[in-house]
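Let me begin by presenting the structure, written as structure tokens, before commenting on it.
The values are calculated or read from the model by the stated rules, or taken from the named source; none is laboratory data. This one's a predicted model, so the numbers in the text were calculated from it and none came from an experiment. Here the Cβ is made from the backbone with ideal geometry for all residues, glycine too, and neighbour counts use every protein chain on show. What goes into the accessible areas is simple: the full protein's heavy atoms, side chains included, and nothing from ligands, DNA or RNA. Shrake-Rupley method; radii C 1.70, N 1.55, O 1.52, S 1.80 Å.
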Amino acid sequence: MSSVQLQGIGMTSRRTRERLVTRLREQGIKSLPVLDVILGTPRHLFIDEALAHRAYEDTALPIGFNQTISQPYIVARMTELLLSEGVVKSVLEVGTGSGYQTAVLAQLIDKVYSVERIKPLQLKAKERFRVMGLRNIYLQHSDGGMGWPSMAPFDAIIVTAAPESIPEELLEQLAIGGRLVIPVGQNQQELKLVVKKSDKEFETRIIERVKFVPLLSGTVR
Ligand code: SAH
């Protein structure tokens, strides 16, 4: 990939990203590190060429296999929630998808573990991380509802597809003081922030209404 592709031209340029960041600020995103990373991350690389000119609109876009790349506002909001307290050195992401959220996390957190159930999506994401030179991302092809037990505990867990209820396994794999950000529900989904106070004690906050694709079980080769 040439540096022109990485930097972007016209509708994929830094100027276009600056407008996106301005809009995110207006919507209440406050974290400067998060806004800075979004400014520097070429979202057009995470979308098929035919749609790349829409990369910096604040909307979800299709990435194939009935899945979508998350809306930038949601990526910013979830990342800000994960980082809002304490030191976060490791994060588990369930639902790599295009890899955009993963790439944002990898620029803010030492170690990013990400699981995806659809192999072709995972392979495309992996190539994007290579092009961007991101080396602190560890990928696994699996059903992420079970988390990634051998790498646990995690300081933070982010889920980018909605289960009907929070998987117990994910709560178990959180470190004490760790934070889980997850959309929950079928049609009416709520974004929840769960903080693990002790082995048995969890504090849950409802953040806002959201619309995610469903968390599905099993894997696709
Ligand atoms: N963060 C991604 C969001 C992609 S959409 C992005 O911005 O591109 C949600 C992703 O979760 C899809 O790629 C879907 O295949 C994946 N997914 C759904 N259920 C899953 C599960 N049980 N385990 C792992 N990944 C899952």
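One table, with the values for the structure above:
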| item | result |
| --- | --- |
| Rounded to the nearest 10 Å², the accessible area of Leu123 at probe 1.4 Å | 90 Å² |
| Acute angle (nearest 10 degrees) that the helix 119-132 long axis makes with the longest principal axis of the chain, alpha-carbon atoms | 60 degrees |
| Per-residue SASA entry for Thr160, accessible area with 1.4 Å probe, Å² rounded to 10 | 20 Å² |
| Heavy atoms of Ser150: accessible area, 1.4 Å probe, square angstrom to 10 | 90 Å² |
| Projected label distance in nm at Ile207 and Glu85, using a 7 Å step from Cα toward the beta-carbon | 1.4 nm |
| Ser114, Ser31, reordered so the largest accessible area comes first (probe 1.4 Å) | Ser31, Ser114 |
| Accessible solvent surface per residue of the chain, calculated while the other protein chains remain in place, 1.4 angstrom probe, Å² | 49 Å² |
| Gaussian network model of the chain, springs between alpha carbon atoms under 10 Å - residue of Ile206, Ile38, Ile158 with greatest fluctuation | Ile206 |
| Taking the chain and dividing mean pair separation by its residue count, relative contact order in percent (alpha carbons under 8 Å, at least six apart) | 15 percent |
| In region 7-88, GluC sites (Glu not before Pro) in a DSSP loop with at most 14 other beta-carbon atoms within 10 Å | Glu85 |
| Amide hydrogen neighbours beyond the local backbone of Val210, cut-off 5 Å, H modeled | Gln189, Glu190, Leu191 |
| Semi-axes of the equivalent ellipsoid for region 157-221, Cα gyration tensor, largest first, Å | 21, 15, 8 |
| Expected 222 nm ellipticity per residue - DSSP helices of 4 or more, -39500 (n - 2.57), all of the chain, to 500 | -8500 deg cm²/dmol |
| Asp48, Asp143, ranked by accessible area, largest first (probe 1.4 Å) | Asp48, Asp143 |
| Lys197, Lys192, Lys126, reordered so the largest accessible area comes first (probe 1.4 Å) | Lys126, Lys197, Lys192 |
| Assigned charges on the beta-carbon of Lys, Arg, Asp, Glu; the chain dipole about Cα centre (debye) | 640 debye |
